[in-house]
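Reviewing the structure listed below.
The values are calculated or read from the model by the stated rules, or taken from the named source; none is laboratory data. Keep in mind that this is a model prediction, so the values were computed, not measured. Note that we place each Cβ from the backbone using ideal geometry, even for glycine, and neighbour counts take in every protein chain shown. The protein model used for the area step is the full one, side chains on, heavy atoms only, and it has no ligands, DNA or RNA in it. Shrake-Rupley method; radii C 1.70, N 1.55, O 1.52, S 1.80 Å.
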Amino acid sequence: WHGRGGQGAKTASLLLADAAFNTGKYIQGFPEYGPERMGAPITAYNRISTSPIRLHSNIYEPDYVVVVDDTLLDSVDVTAGLKETGAIVIKNIKPLLKGYKGKIYTIDARKISEEALGKYFPNTPMLAAIVKVSNIMTEEEFLNDMKTSFKHKFAKKPDVIEGNMKALEMALSEVRSR
């Protein structure tokens with residue numbers, strides 16, 4: 001996960017880890033960042049497996065990369081180590097992908113989040129997009145888990161639950177291979 005502080009990349013990676021765990025997978029979800037400040041680049045990681053995970057380090061050869069903020073393409077090589085058998089999920093295709101020849105999936109996270117949530121929160125649509133692209137779990141398992149998670153997290157804000165669920169459903173249907 002590549003994003004900036006405050007965009008929810010860390011939260012999305014932890015939600016993905018929780019959802020995968022709840023479907024019986026072994027998981028790791030953790031962020032890496034320097035000085036904690038809004039807008040600073042951050043990287044978050046997930047390991048998801050059907051067998052126990054014994055490795056505890058950053059991920060240097062990812063199967064998938066999610067780019068929450070495509071302005072990072074000017075300064076961060078988001079495809080470093082990315083396997084050509086994997087894929088990248090990004091908002092827009094740009095020539096700054098340093099010659100990556102693997103699969104590229106796009107999602108208009110801004111449009112979806114603004115329509116479903118009334119504000120720009122890119123992490124929710126990007127989370128759904130990576131679930132769709134990676135087939136970590138079924139869409140039904142994912143949506144059920146997220147609904148339960150959101151009910152707990154936003155117990156006093158039911159309108160937030162509805163908006164987030166709408167954003168997830170929209171993203172699952174709108175992610176595109178390029």
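Residue by residue through the range 1-44, note down the ones that are among the aromatic types (Phe, Trp, Tyr), modelled with pLDDT of 90 or more and open to solvent by 30 Å² or more (accessible area, probe 1.4 Å). Across the range 1-44, the qualifying residues are PHE21, TYR26, PHE30. Checked against the criterion of being in contact with an Asp or Glu (Cβ under 9 Å, 6 or more places away or on another chain), among the hydrophobic types (A, V, I, L, M, F, W, C), closer than 28 Å to MET137 by Cα and not in a loop (DSSP other than H, G, I, E, B), the range 44-55 contains one or more residues that satisfy it.
Checked against the criterion of being out of contact with any helix residue (DSSP H, G or I) (no Cβ under 9 Å at 6 or more places or on another chain), over 30 Å from LYS83 (Cβ atoms), among the acidic types (Asp, Glu) and assigned to a helix (DSSP H, G or I), the range 133-143 has no qualifying residue.
Residue count for the range 163-178, restricted to those that are open to solvent by less than 10 Å² (accessible area, probe 1.4 Å) and either touching a His at 6+ places or on another chain (Cβ under 7 Å) or within 14 Å of VAL131 (Cα to Cα) (or both): 4.
Looking for whichever is crowded, with 17+ Cβ neighbours inside 10 Å, under 18 Å from MET137 (Cα atoms) and β-branched (Val, Ile, Thr) here; the options are VAL78, VAL66. Which one fits? First the steps, then the outcome.
Numbers: VAL78 fails: under 18 Å from MET137 (Cα atoms).
Being crowded, with 17+ Cβ neighbours inside 10 Å, under 18 Å from MET137 (Cα atoms) and β-branched (Val, Ile, Thr) holds for just one of VAL78, VAL66, which is VAL66.
Considering each residue of the range 116-131, count those that are within 16 Å of HIS2 (Cβ to Cβ) and assigned to a helix (DSSP H, G or I), and give that number. Can you show your working first?
Narrowing the range 116-131 to residues within 16 Å of HIS2 (Cβ to Cβ): 122-123, 125-127, 129-130.
Still in the running and assigned to a helix (DSSP H, G or I): 123, 125-127, 129-130.
Adding up the residues that qualify gives 6.
Checking each residue of the range 107-122 against the condition of being in contact (Cβ under 8 Å) with a residue 60 or more places away in the chain, open to solvent by less than 10 Å² (accessible area, probe 1.4 Å) and out of contact with any helix residue (DSSP H, G or I) (no Cβ under 6 Å at 6 or more places or on another chain) gives no match.
Assess whether LYS151 counts as being open to solvent by 20 Å² or more (accessible area, probe 1.4 Å) and at pLDDT below 90. Quick ask: steps written out before the conclusion?
Details: open to solvent by 20 Å² or more (accessible area, probe 1.4 Å): yes; at pLDDT below 90: no.
Against the criterion (open to solvent by 20 Å² or more (accessible area, probe 1.4 Å) and at pLDDT below 90), LYS151 does not qualify.
Count of the range 154-173 residues, restricted to those that are over 17 Å from the mean Cα position of the chain (by Cα), at pLDDT 90 or above and either closer than 13 Å to PHE121 by Cβ or not charged (D, E, K, R) (or both), is 2.
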